[in-house]
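S.K.: Sending over a structure as structure tokens; questions will come in a sec.
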Amino acid sequence: MNQRANALADRLEQGARALAVFANALTDAEWNTHVPKDGRKVGVVVHHVASVYPVEIQLAQTLAKGQAVVGVTMDDVHAMNANHAQENDGVTKEAALELLRRNSAVAAAAIRALSDEELDRAATASLYSEAPITCQFMLEDHAVRHSYHHFLRIRRAVKL
């Protein structure tokens with residue numbers, strides 16, 4: 001087993017697990033609290049983290065093949081997030097946590113399947129102003145980091 005890929009997958013799983021444990025303990029009022037500066041409900045954000053793992057992994061796998069990531073901008077990400085929030089405004093805790101469990105497991109397995117050569121492979125990415133980035137960077141900045149990033153904001157929102 002690739003040690004680097006396994007370590008990345010472990011970090012993704014740890015973040016997803018921490019988010020899931022915390023979210024599972026939230027009251028209905030906390031689940032429906034709006035996250036400051038974000039505007040989305042806590043539950044929507046948990047579902048968001050779960051729902052974008054496949055996209056984040058696909059982008060990393062594109063780079064792992066040495067192919068450029070094209071046609072993905074921050075405007076696209078913001079539009080996708082706004083659409084997701086609107087479509088999932090009433091998401092249940094059970095549905096969000098099941099999706100988080102399932103998608104984080106699939107994402108971790110996909111990461112574990114990567115070789116060091118694939119992790120090191122770089123290509124340009126429209127999301128980064130056409131800068132060449134590595135597969136590992138894409139994973140660390142998106143799929144691996146994502147749950148930690150939102151977990152901190154969610155914790156702050158419900159502790160207000």
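S.K.: What number comes out for the charge environment of residue 87, summing +1 per Lys or Arg and -1 per Asp or Glu over other residues with Cβ under 14 Å away?
M.R.: +1
S.K.: Taking the highest mean first, how do the peptides 126-139, 84-97, 44-57 order by number of other beta carbon atoms within 10 angstrom per residue?
M.R.: 44-57, 126-139, 84-97
S.K.: Once fully extended, how much extra length lies between residue 29 and residue 98, figured as 0.36 nm per residue of separation less the alpha-carbon to alpha-carbon distance?
M.R.: 22.8 nm
S.K.: To make sure I understand the rule: partners must be lysines, Cα under 27 Å from the Cα of residue 93, and not fewer than 8 residues away in the same chain. Which ones qualify?
M.R.: 37, 41, 159
S.K.: Give me the angle, in degrees from 0 to 90, between the Cα long axis of helix 74-87 and the longest principal axis of the Cα atoms of the chain, rounded to the nearest 10.
M.R.: The helix 74-87 is inclined about 40 degrees to the chain.
S.K.: Take peptides 70-81, 4-15 and line them up by average Cβ neighbours within 10 Å, highest first, as a rough protection proxy.
M.R.: The densest-packed peptide leads the list: 4-15, 70-81.
S.K.: Starting from the coordinates of the alpha-carbon atoms of the chain, obtain the Kirkwood hydrodynamic radius over all distinct pairs and give the value in Å to one decimal.
M.R.: 16.0
S.K.: Here is a follow-up. Tell me, what ³J(HN,Hα) does each residue in region 59-70 have, in order and in whole Hz, if you take phi through Karplus 6.51 cos²θ - 1.76 cosθ + 1.60 with θ = phi - 60° and put x for Gly and Pro?
M.R.: 4, 5, 5, 4, 5, 4, 7, x, 9, 5, 8, 10
Read-outs: derived from the displayed coordinates by stated rules, not from any lab. Everything numeric in this text was worked out from a predicted model, so none of it was measured. FYI the Cβ positions are ideal-geometry reconstructions off the backbone, even for glycines, and counts take in every protein chain you see.
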